[in-house]
Amino acid sequence: MIVQAIVDGIFTGAIVSLGAIGLSLTLQIMRFANFAHAEFMTIGAYLALAAVGLMGPGAPSLGLSFGWQLLVAACLAAALAGVLSWGLDLVVFRPLRRSGAAPLVLVFAAFGAALILRHVLVLIWGHDSYFYTRELQLGVMIVPGVRVLPDQVFILALAIFLVTLLHLYLTHHRTGIAMRAMAESPSLSQVCGIEVDRVMRTTWIISGFMAAMAGVFSGLTPQLHPELGSNILLSIFTAAIFGGVGSLPGAVLGGLLVGIAENLFLLVADPGYKPAMPFLLLLGVLWLRPQGLLGEKAS
Amino acid sequence: MSELCAQRSCGGQQVLEVQELVAGYVRGLPIVQGAKLRVDAGELVTIIGPNGAGKSTLMKAIAGLVLIESGQVLLRSGSVLGRTPDQIMQAGVGYVPQTGNVFATLTIHENLRIGGYCLGAELAQRLEQAYAMFPALASKRREKARTLSGGQRQMLAIARALMTQPSVLMLDEPSAGLAPMMVQEVFERLRRLTREGVSVLMVEQNAKGALQYSDRAYILVEGRNRLDGPARGLLDDPAVAAAFLGASRRQVHP
């Protein structure tokens, strides 16, 4: 039972991690808590649904419940969500920033934006749940008593791939390094001649892309609904803060730990209490290690 | 000469000229209240003065980081008024702030790459030049800047600011928090830079030490020029020594 819960937790955690990465990046670089972030998970999931509607989910292959078409749909949806995420900055956050708004104003603006985005999705697709595919998947026994779905394994592998790619970008690409520099010190970055607007644009696009990927695969296991993103928002925040804001490995580790903790919690508690788990974790982290597990205190 | 400068840019020997500058963080509450200064090519110029005299603010104003209410800041390429910090940097002003002057969470190599952010193909060559100039950094290029000692950090901050080959390098208290040996090394390093064609403007609390290496100095009090002249003359002036050099020594070693 416990091993199964941990394994399930790792798969949930992979999705939480992808969501937490973008949140952590914007938290550190834009310097406010973007509560609209989780809506890009939902947006990504529904954009992929639209794409799947056009080309179909594809024939199940390699033991997965879908074919290459869904993967293509996910990439298209994520790219579009990245652009929309940047668009939200242009329309909502940038004008506020330019007028010298306090971080708290941006936080409330993000709350408002989240509500609007979610309800636009409801207007288009309604409150019903959707499925990418009606294929039923059977768990595969990997060790006695522990079953995994091939889809889950695929999601984990894809998450690892995306995180590795992002890590290489942040440590080797000029703009990636500039993102980390901005995260540490905006004023020194400016003095060094970093184009702040370009770094911010890249940050929004990457965070929207990652969130949408998380959203598509959250919708795959097993369904899409308008609250898909907002339901997981607290877990994502906990993961980002747990791992240490601004730290990519931290966001990944935080996501996995939150996923595992939530699934272990279900062994001992009524599922109705599940939303309380991230709160408890968050409180614990803020109390014991406010900079997060892998957080770096800039000197 | 000054009339000509006021029109477009500073010319001749000058690389930087500040005229009647009024600047501060909040409009209507200027900290710098009519300061002026000039830096010639190959000069090492120091600004000294008591705490709160506006020395750092003056430097930030030149770098484009605080609000300029009136006055003029001229480079060879023209006025900096209305330009953003990155444009001023690209116009040839290197700036090393007093604190937080390196990216602690980035490696030494990444710090230098960020210093040369706006460079194109010449980046690789400049990186090699920086490592040749600061061999201590070369051996630690993969390490995070926060692992460096105070002196090494200052060297990294200087190397970072030199990546774009500025015509004038500004440093805010480069000796702050350094061991006496390191202070000397930093000053000597800056002196050597001026021989290589980089003009240096620095703010210093360690006035006596800084003046020994400087060509000229300005004494700033309450945002205005109090005295200026050749560094040697100021060092030997008993009135200056009593009012400013003694006081600053007490501030360094409380």
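The table for this structure:
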item: Residues of the range B:128-149 that turn out to be touching a helix residue (DSSP H, G or I) at 6+ places or on another chain (Cβ under 7 Å), within 13 Å of another protein chain (Cβ to nearest Cβ) and not in a loop (DSSP other than H, G, I, E, B), as a count; result: 1
item: Residues that are buried (at least 23 other Cβ atoms within 10 Å of the Cβ) and assigned to a loop (DSSP other than H, G, I, E, B), drawn from the range B:54-88; result: B:Gly54, B:Gly64, B:Val80
item: Of all residues making up the range B:89-105, the number that are facing chain A (nearest Cβ under 8 Å), assigned to a loop (DSSP other than H, G, I, E, B) and surrounded by fewer than 18 Cβ atoms within 10 Å (Cβ to Cβ); result: 1
item: Test: residue in the range B:232-245 that is touching a strand residue (DSSP E or B) at 6+ places or on another chain (Cβ under 7 Å) and part of a strand (DSSP E or B); result: no
item: Complete set of residues in the range B:67-86 that are farther than 23 Å from B:Ala130 by Cβ and free of Cβ contacts under 8 Å to residues at least 60 places away in the same chain; result: B:Leu67, B:Ile68, B:Glu69, B:Ser70, B:Gly71, B:Val73, B:Val80, B:Leu81, B:Gly82, B:Arg83, B:Thr84
item: Contacts under 6 angstrom Cβ, first residue in the range B:87-114 being farther than 16 Å from A:Leu170 by Cα, partner of a type in the set (D, E, K, R), 6 or more apart; result: B:Pro97/B:Asp172; B:Gln98/B:Asp172; B:Gln98/B:Glu173; B:Val102/B:Arg153
item: Filtered residues of the range B:106-121 (kept if facing chain A (nearest Cβ under 7 Å) and among the hydroxyl-bearing types (Ser, Thr, Tyr)); result: B:Tyr117
item: Some residue of the range A:275-284 being surrounded by 15 or more Cβ atoms within 10 Å (Cβ to Cβ) and out of contact with any helix residue (DSSP H, G or I) (no Cβ under 8 Å at 6 or more places or on another chain); result: no
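Read-outs: derived from the displayed coordinates by stated rules, not from any lab. Nothing here was measured: the structure is a model prediction, and the numbers come from that model. Cβ: placed from backbone, ideal geometry, glycine included. Neighbour counts: every protein chain shown.
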